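Asks: Submitted below is the structure of interest, expressed as structure tokens.
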Amino acid sequence: MTKTTISLIKADVGGYPGHCSVHPELIKAAEEKLEEARRAGCLVDYRVMSCGDDLELLMSHRTGCDCGDIHGLAWETFERATEVAEALKLYGCGQDLLADAFSGNIKGLGPGVAEMEITERTAEPIVAFMMDKTEPGAFNLPIFKMFADPFNTAGLVIDPSFHQGFSFEIWDVLEHKKVLMNCPEEMYDMLALIGAKSRYVIKRVYCRPGGKLPEDEPVAAISTEKLYQTAGRYVGKDDPVALVRAQSGLPALGEVLEPFALGHLVSGWMRGSHNGPIMPCSFDTAHPTRFDGPPRVIAAGFQLADGRFIGPVDLFNDVAFDRARHRCLQIADYMRAHGPFEPHRLAEEEMEYTTLPDVIRCLRERFVDAE
Ligand code: F6R
Ligand code: MG
Ligand code: MG
């Protein structure tokens with residue numbers, strides 16, 4: 001049976017104004033490039049979207065994960081959008097394209113990638129989540145809740161088709177190692193890791209034996225690229241993306257969206273150096289303004305039809321998420337009132353911007369032994 005690959009690849013190649021949003025001309029340029037590729041038979045379908053200052057390319061094709069042609073196409077699309085951004089003198093042109101040239105695989109070159117190769121079911125609901133002003137570990141809590149928390153996902157308790165739980169592929173992004181863990185048996189050990197969200201991130205989720213879907217096909221995939229490792233210096237948080245399949249032996253659409261009713265705390269926000277609530281919002285309101293935030297998440301819902309994207313539905317554009325947004329704004333007020341104090345400001349080793357080494361250097365002479 002023909003498999004379909006879904007690739008969600010994103011980069012910030014220029015903001016407008018500042019780091020706030022993506023100019024429509026960039027979206028147009030990206031659509032033209034991907035339409036060319038679709039006509040040439042490289043893509044089955046595509047959608048170009050944006051969240052904050054990130055340009056998001058959602059593509060379907062038949063050539064599998066890590067395909068050089070598809071990654072090359074995304075790279076060229078970002079390069080083309082960068083040219084448009086430069087002509088408009090947008091902010092931070094080409095910011096996430098860290099390499100001078102494409103070299104076979106876009107991973108490690110700056111852009112974020114969530115990809116999965118799947119056997120399309122009779123009906124295949126899929127959600128593309130896109131976040132701005134935060135880091136990949138921001139997905140740990142919601143993905144855990146969707147696929148492992150019985151208080152979030154009723155199906156874990158009452159649907160026989162996934163009562164056995166799911167397997168999680170966890171990456172140690174510092175050591176470049178990964179481990180597969182089974183829930184519910186290993187839940188406490190897994191939480192010990194993924195609670196440390198800046199280091200251990202959920203990369204993929206799989207069905208377990210007895211589940212409705214093949215065990216070797218991911219049911220969720222998250223981008224885990226860390227720009228500072230690529231660049232060799234701290235260049236900011238890496239606004240992440242994720243793909244999540246739903247229904248028929250998987251969490252229902254509403255169970256997939258439910259974790260975002262919390263407005264959980266993530267790191268990023270102003271200068272990639274602050275903790276704050278992640279606010280679920282509509283496509284039209286995904287423009288972080290207050291203190292460059294608060295961090296945003298949008299959800300684009302689709303049905304797949306032989307690789308074609310039927311949609312998107314702007315899933316957080318619903319009054320049901322108004323209260324979550326309201327709570328995020330209250331939390332934002334509370335966190336902001338702490339100004340430069342932790343835990344609003346991140347701990348030293350996590351900050352994108354810091355003056356601390358300079359301050360300490362200047363004061364070195366004046367520091368004397370304390371009694
Ligand atoms: C955070 C972000 C912004 C910038 C801030 C300063 O991820 O993108 O909060 O860090 O606007 O930006 P520069 O240093 O470019 O003026
Ligand atoms: Mg930017
Ligand atoms: Mg961004």
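Asks: Conditions: (1) within 16 Å of ligand 1 (Cβ to nearest atom); (2) surrounded by fewer than 21 Cβ atoms within 10 Å (Cβ to Cβ). Gly112 meets all but one. Number of the miss?
Replies: If we test Gly112 against (1) within 16 Å of ligand 1 (Cβ to nearest atom); (2) surrounded by fewer than 21 Cβ atoms within 10 Å (Cβ to Cβ), just (2) comes out false.
Asks: Hey, another quick one. Being touching an Asp or Glu at 6+ places or on another chain (Cβ under 9 Å) and of a type in the set (Asp, Glu) narrows it down to one of Asp318, Asp333, Asp314, Asp369, so name that one.
Replies: Numbers: Asp318 fails: touching an Asp or Glu at 6+ places or on another chain (Cβ under 9 Å); Asp333 fails: touching an Asp or Glu at 6+ places or on another chain (Cβ under 9 Å); Asp369 fails: touching an Asp or Glu at 6+ places or on another chain (Cβ under 9 Å).
None of the others qualify; the one that does is Asp314.
Asks: Residues in the stretch 41-52: is at least one within 16 Å of Arg308 (Cα to Cα) and loosely packed, with under 15 Cβ neighbours inside 10 Å?
Replies: Looking for residues that are within 16 Å of Arg308 (Cα to Cα) and loosely packed, with under 15 Cβ neighbours inside 10 Å, one finds at least one in the stretch 41-52, hence yes.
Asks: Only strands (runs of 3 or more DSSP E) wholly contained in the stretch 162-231 count here; list those with 2 or more residues that are touching a Ser or Thr at 6+ places or on another chain (Cβ under 9 Å).
Replies: 177-183, 200-207
Asks: Does Ala87 satisfy the criteria of being surrounded by fewer than 23 Cβ atoms within 10 Å (Cβ to Cβ), at pLDDT 95 or above, of a type in the set (Gly, Ala, Ser) and out of contact with any helix residue (DSSP H, G or I) (no Cβ under 7 Å at 6 or more places or on another chain)? Even if it seems obvious, please write down each step before you answer.
Replies: Values: surrounded by fewer than 23 Cβ atoms within 10 Å (Cβ to Cβ): yes; at pLDDT 95 or above: yes; of a type in the set (Gly, Ala, Ser): yes; out of contact with any helix residue (DSSP H, G or I) (no Cβ under 7 Å at 6 or more places or on another chain): yes.
Against the criterion (surrounded by fewer than 23 Cβ atoms within 10 Å (Cβ to Cβ), at pLDDT 95 or above, of a type in the set (Gly, Ala, Ser) and out of contact with any helix residue (DSSP H, G or I) (no Cβ under 7 Å at 6 or more places or on another chain)), Ala87 qualifies.
Asks: Quick check on my filter: what residues within the stretch 95-109 are under 23 Å from Lys133 (Cβ atoms) and either free of Cβ contacts under 8 Å to residues at least 40 places away in the same chain or surrounded by fewer than 19 Cβ atoms within 10 Å (Cβ to Cβ) (or both)?
Replies: Step one: filter the stretch 95-109 for residues under 23 Å from Lys133 (Cβ atoms), giving 95-98, 106-109.
Correct list: Leu98, Lys107, Gly108.
Asks: Return the residues of the stretch 10-26 that are among the acidic types (Asp, Glu) and either more than 9 Å from ligand 2 (Cβ to nearest atom) or outside any loop (DSSP other than H, G, I, E, B) (or both); say none if nothing qualifies.
Replies: Answer for the stretch 10-26, where residues must be among the acidic types (Asp, Glu) and either more than 9 Å from ligand 2 (Cβ to nearest atom) or outside any loop (DSSP other than H, G, I, E, B) (or both): just Glu25.
Asks: If you don't mind, another one. Within the stretch 45-103, track down each residue that is within 16 Å of ligand 1 (Cβ to nearest atom), of a type in the set (A, V, I, L, M) and in contact with a Pro (Cβ under 8 Å, 6 or more places away or on another chain).
Replies: Leu97, the sole residue that qualifies.
Asks: State all residues of the stretch 313-344 that are touching a residue at least 40 places away in the same chain (Cβ under 8 Å), part of a loop (DSSP other than H, G, I, E, B) and more than 21 Å from Pro259 (Cα to Cα); if no residue qualifies, say none.
Replies: Pro343, His344
Asks: What are the residue pairs meeting all of these: first residue in the stretch 15-34, first residue within 18 Å of Trp75 (Cα to Cα) and of a type in the set (A, V, I, L, M), second residue more than 14 Å from ligand 3 (Cβ to nearest atom) and outside any helix (DSSP H, G or I), Cβ atoms under 8 Å, and 6 or more apart or on different chains?
Replies: Listed by first residue and then by second, the contacts come to Ile27/Val48; Ala30/Val48; Ala30/Leu57; Leu34/Leu43; Leu34/Tyr46; Leu34/Val48; Leu34/Leu57; Leu34/Met59.
Asks: Here's something else I'd like to know. Quick check, is Pro240 surrounded by fewer than 24 Cβ atoms within 10 Å (Cβ to Cβ), within 17 Å of the chain's Cα centre (by Cα) and away from ligand 1 (no atom under 11 Å from the Cβ)?
Replies: no
Asks: Inspect all residues belonging to the stretch 123-142 and state whether any of them is within 16 Å of Gln247 (Cβ to Cβ) and surrounded by fewer than 16 Cβ atoms within 10 Å (Cβ to Cβ).
Replies: Yes, the conditions are met somewhere in the stretch 123-142.
Asks: Of all the residues that make up the stretch 162-181, how many are over 23 Å from Ser248 (Cα atoms), within 19 Å of the chain's Cα centre (by Cα) and not charged (D, E, K, R)?
Replies: Selection size over the stretch 162-181: 5.
Asks: Also, I was wondering about something else. Condition test on Glu352, is it part of a loop (DSSP other than H, G, I, E, B) and in contact with a helix residue (DSSP H, G or I) (Cβ under 6 Å, 6 or more places away or on another chain)? It would help to see each step written out before you state the result.
Replies: Details: part of a loop (DSSP other than H, G, I, E, B): yes; in contact with a helix residue (DSSP H, G or I) (Cβ under 6 Å, 6 or more places away or on another chain): yes.
Criteria met by Glu352.
Asks: Are any residues in the stretch 278-288 over 19 Å from Glu352 (Cβ atoms) and of a type outside the set (Gly, Ala, Ser), and if so, which ones? Can you show your working first?
Replies: Step one: filter the stretch 278-288 for residues over 19 Å from Glu352 (Cβ atoms), giving 279-287.
Answer for the stretch 278-288, where residues must be over 19 Å from Glu352 (Cβ atoms) and of a type outside the set (Gly, Ala, Ser): Met279, Pro280, Cys281, Phe283, Asp284, Thr285, His287.
Asks: For the stretch 42-96, what are the residues that are more than 16 Å from ligand 3 (Cβ to nearest atom) and assigned to a strand (DSSP E or B)?
Replies: Asp45, Tyr46, Arg47, Leu58, Met59, Ser60, His61
The values are calculated or read from the model by the stated rules, or taken from the named source; none is laboratory data. Keep in mind the model is a prediction, meaning the values are calculated, not measured. We place every Cβ from the backbone using ideal geometry, glycine too, and count neighbours over all the protein chains shown.
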